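J.: Just dropping this structure here.
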Amino acid sequence: MPRGSNLERVSAFNQAVVLDLVRRSESGMSRVELIGATGLSTQTVSNIARRLLDLGLILESGKVHVPQGKPRTTLTIDPKSKYAVGAHLDPSMLTFVLLDLAGRVVHRKHLPVVAVAGPEETVARIAAAIEALISETDIPRTRVLGVGIAAPGPIEFDQGAVVGPPMLTGWERVELRQSLGKATGLPVFLDKDSAAAAHAELWVRNKRSDQNFAFVYLGSGVGAAVVMNGEVVRGSSNNVGEIGHFSTGDGGRLCGCGRKGCLGISIMPVELVNDAVGKGILPGPVDQADLRHITEHFHKLAALADAGDQGASSLFQEAADRLARAVEDIANLLDVDGIVFGGPSWPPVGTRYLEVLHAALANRLAMGMIHEVELVGSVLGEDITAVGAACIVLDHVLAPRSGGLLLE
Ligand SMILES: [Zn+2]
């Protein structure tokens, strides 16, 4: 049900709108430009700018001369005023980034894991890594707004719990937000890995105009997120995008769910690596529990395909063909302007998969006669999920949709 708003809330909202515009502009905005962009009065924008300057969140960073009238002062974000930590819990790697208020990575850390330990030990390890991440810079801890953590889905969003993610044994139901909050003393935000990656992509794309896209996430498993009108679609329980058991046509590997050719089992790195070992393309044996080893082998397999190995190429060809079938359904259901691909397992296979996807979907999409559906790889590389998790903190604390600036 729509809720009313009192004046205080409206004013906090307006302040967040102004900060968000300044934060997302490449080279800052003048008060006159802010008045034009927000529709707020001269006096209101002037008051808000004063307040944001007093809070130290923005800077007066220069003057722009205009043909008539006084030169305009440009307001830019002060990137060093606030920071956010992003953490990505992937079954084969823990990734940490420290983002400044402008959304730039100022420090990063990667901890490869053989196999993710039980929740207690892992939370302690994550908390220690976050402390190290912050203390290795000269940034005062008081400037850190919080920690965003991205984990494989599904999740219980309201309780901040991960619920039995595949490949994390012993993680049947873990209240990660609460335990990590206790261990770090910082506010913690939990989201799904695919949703976090979509947040990161949205952050980059917000500076352009494309606001409707689906994000297909390739990690140890596969997931998706949907962005409509510039916001990540949340669904009833924040679990949009569980595409692991989408059908990809006849045949294929037998999935744990009892059917053949589900999307997840068709493109997961561990399955491709096992097949490659079985066919003698890669040397075996592979320790199934050592996810770091599997990631290394997956990169080797991609390198073999790039070097012209027929066996490796045909494994990736089949995986990409099956991915194309699922992407066709996703695009037809959502009528988006683009599908973006990314996640830790995407970079080694991205160019190869995109070629197949473009060829397979050229004439297959229902809206193909109406508008183009762009198929692109994310430019954000393997840290995308951790970056997105940190963006969630910045968005939650600073963005207008949360109903004000929560940092006050
Ligand atoms: Zn299945």
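J.: Considering only residues of region 350-386 that are of a type in the set (A, V, I, L, M) and under 21 Å from Pro152 (Cα atoms), which is modelled with the highest pLDDT?
T.: Filtering region 350-386 down to residues of a type in the set (A, V, I, L, M) leaves 354, 356-357, 359-362, 365-367, 369-370, 373, 375-376, 379-380, 384, 386.
Still in the list and also under 21 Å from Pro152 (Cα atoms): 380, 384, 386.
On the way: Leu380: 87, Ile384: 93, Ala386: 97.
Once the filter is applied, the top-ranked residue is Ala386.
J.: Which condition breaks for Asp193 when tested against (1) under 20 Å from Ile267 (Cβ atoms); (2) charged (D, E, K, R); (3) surrounded by fewer than 24 Cβ atoms within 10 Å (Cβ to Cβ)?
T.: (3)
J.: Hey, another quick one. For region 42-144, which fully contained strands (runs of 3 or more DSSP E) count at least 1 residues that are under 17 Å from Thr385 (Cα atoms) and touching a Leu at 6+ places or on another chain (Cβ under 6 Å)?
T.: Answer list for region 42-144: 83-90, 93-100, 105-112.
J.: Among the residues that make up region 320-327, is at least one of them closer than 21 Å to Gly230 by Cα and open to solvent by less than 30 Å² (accessible area, probe 1.4 Å)?
T.: yes
J.: Could you list, in sequence order, all residues of region 121-144 that are in contact (Cβ under 8 Å) with a residue 40 or more places away in the chain and open to solvent by 40 Å² or more (accessible area, probe 1.4 Å)?
T.: Ala124, Glu131, Arg143 - these are the residues of region 121-144 that are in contact (Cβ under 8 Å) with a residue 40 or more places away in the chain and open to solvent by 40 Å² or more (accessible area, probe 1.4 Å).
J.: Need pairs with beta-carbon distance below 9 Å; first residue in the same structural domain as Val327 (by TED's automatic domain parsing) and part of a helix (DSSP H, G or I) and within region 254-268, second open to solvent by less than 40 Å² (accessible area, probe 1.4 Å) and within 8 Å of the ligand (Cβ to nearest atom); sequence gap 6+ or separate chains.
T.: Within 9 Å, the pairs are Leu263/Gly244; Gly264/Gly244; Gly264/Cys255; Ile265/Gly244; Ile265/Cys255; Ser266/Cys255.
J.: In addition: Take region 311-344 and flag every residue that is among the β-branched types (Val, Ile, Thr) and not in a loop (DSSP other than H, G, I, E, B).
T.: Residues satisfying the conditions are Val327, Ile330, Ile339, Val340.
J.: Okay, next question. Has region 276-295 got any residue that is buried (at least 19 other Cβ atoms within 10 Å of the Cβ), hydroxyl-bearing (Ser, Thr, Tyr) and in contact with a helix residue (DSSP H, G or I) (Cβ under 6 Å, 6 or more places away or on another chain)?
T.: No - not one qualifying residue is present in region 276-295.
J.: Condition check: within 16 Å of the ligand (Cβ to nearest atom), at pLDDT below 95 and under 29 Å from Leu365 (Cα atoms). Does Glu242 satisfy that?
T.: Yes.
J.: Go over the candidates Leu19, Leu89, Leu34, Leu57 one by one and state the one that is open to solvent by less than 10 Å² (accessible area, probe 1.4 Å) and either free of Cβ contacts under 8 Å to residues at least 12 places away in the same chain or assigned by TED's automatic domain parsing to the domain that holds Asp395 (or both). Break it down into steps so the answer makes sense when it comes.
T.: On the way: Leu19 fails: either free of Cβ contacts under 8 Å to residues at least 12 places away in the same chain or assigned by TED's automatic domain parsing to the domain that holds Asp395 (or both); Leu34 fails: either free of Cβ contacts under 8 Å to residues at least 12 places away in the same chain or assigned by TED's automatic domain parsing to the domain that holds Asp395 (or both); Leu57 fails: either free of Cβ contacts under 8 Å to residues at least 12 places away in the same chain or assigned by TED's automatic domain parsing to the domain that holds Asp395 (or both).
When all the criteria are applied, what remains is Leu89.
J.: Applying the selection to region 254-275, what residues are among the basic types (Lys, Arg) and crowded, with 16+ Cβ neighbours inside 10 Å? So that I can check it myself, show each step before the final result.
T.: Let us first name the residues in region 254-275 that are among the basic types (Lys, Arg), namely 259-260.
Within region 254-275, just Lys260 meets the criteria.
J.: Oh, and also: If we keep just the residues of region 145-182 that are open to solvent by 10 Å² or more (accessible area, probe 1.4 Å) and among the β-branched types (Val, Ile, Thr), which is farthest from Gly256 (Cα to Cα)?
T.: Step by step, filter region 145-182, then rank; the result is Val174.
The values are calculated or read from the model by the stated rules, or taken from the named source; none is laboratory data. Source: prediction; values computed, not measured. When we count neighbours, we look across all protein chains shown, and the Cβ atoms used for this are built from the backbone with ideal geometry, even at glycine. Accessible surface areas use protein heavy atoms only, side chains included; no ligands, DNA or RNA. Shrake-Rupley method; radii C 1.70, N 1.55, O 1.52, S 1.80 Å.
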